[in-house]
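Participant: I have a structure I would like to understand better, so I am pasting it below and will then ask my questions one at a time.
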Amino acid sequence: MTTFNVIVLLFFMYSFIGWLWETIYCSFNAGHFVYRGFLIGPITPIYGFGILGVVYLLKPIHGSTGTLFLAAALLVTLLEYVTSFLLEKWFHASWWDYQDVWLNINGRVALPISVFWGACCVVIVRVVHPWLLSFATCLSATIGFLLPVALLMILSFDLGVTLANMAGFQRAVKRLEQELEHQKASADHYIEAIADKRQTWQERLQKVPVEWRELKESLPKLNFQQRRLLKNFQRLKVDNITNLQELKSFIEELRKK
């Protein structure tokens, strides 16, 4: 039971550290706060699974830095590829895309990223893990199984809510995209002069506010979590959505009315 408690605590620690790293990195690049993570809570489980895999599955080769680096890079790359593939199959969306990174495979993984994480894993095994393992062991001895079980229950609830959100997200986004395409097509016919053929849906929104307020009431509304996913995953791709960036603008304009 002690080993189970420690592993669960380490999983959540590494998942939180991974979430914190992504949030800081993406916020810095975006110039504003970006709440990363697929789940509602501040954790990214792929980091927990990946690092625990390196720590425990690769334990026999921890003594060789070069071998550890290569094996960790390979393991993390495999995990990232499989995770990307499964998320795309289950949710019909791509959450990251390395198409613009040198030596990528289907945009899911890329050699520079793998090298980076291989090096990070060596540092984690050598420096970070001994300290976190000691902390998790002390925490387990003090609190017992209550905290790990509570964290697992919260994670299960979070996962359930997220899955339900994703199902609604897919339906809402497709409905909104259909309406956007309809408005774009209508703009070509909504003319008073030849120059008005260049009129965009944004201009139509300003010109006929009553019509758009009525339209807003008839369209599905994204909740906070769904809007967060749409806003914070800049490389998000959703199946059958031709222009996600334009759709984001369309949704924001509707929310203002």
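Values in this text are rule-based calculations from the coordinates and carry no lab data. Treat the numbers as computed from the prediction; the structure is a model and nothing was measured. Positions of Cβ are generated from backbone atoms using ideal geometry, with glycine treated the same way; all protein chains shown enter the neighbour counts.
Participant: Kindly rank 11-22, 129-140, 165-176 from highest to lowest mean number of other beta carbons found within 10 Å of each residue.
Facilitator: Top to bottom by mean Cβ count within 10 Å: 11-22, 165-176, 129-140.
Participant: Moving on to the next point. Relative to the Cα centre, what is the charge dipole magnitude of region 1-158, using +1 at the beta carbon of each Lys and Arg, -1 at the beta carbon of each Asp and Glu, and rounding to the nearest 20 debye?
Facilitator: Working: 5 positive and 6 negative charges, 64 e Å.
Charge dipole of region 1-158: 300 debye, to the nearest 20.
Participant: Figure the gain on full extension for residue 142 and residue 104 (residue separation times 0.36 nm, minus the Cα-Cα span) and round it to one decimal in nm.
Facilitator: 9.1 nm
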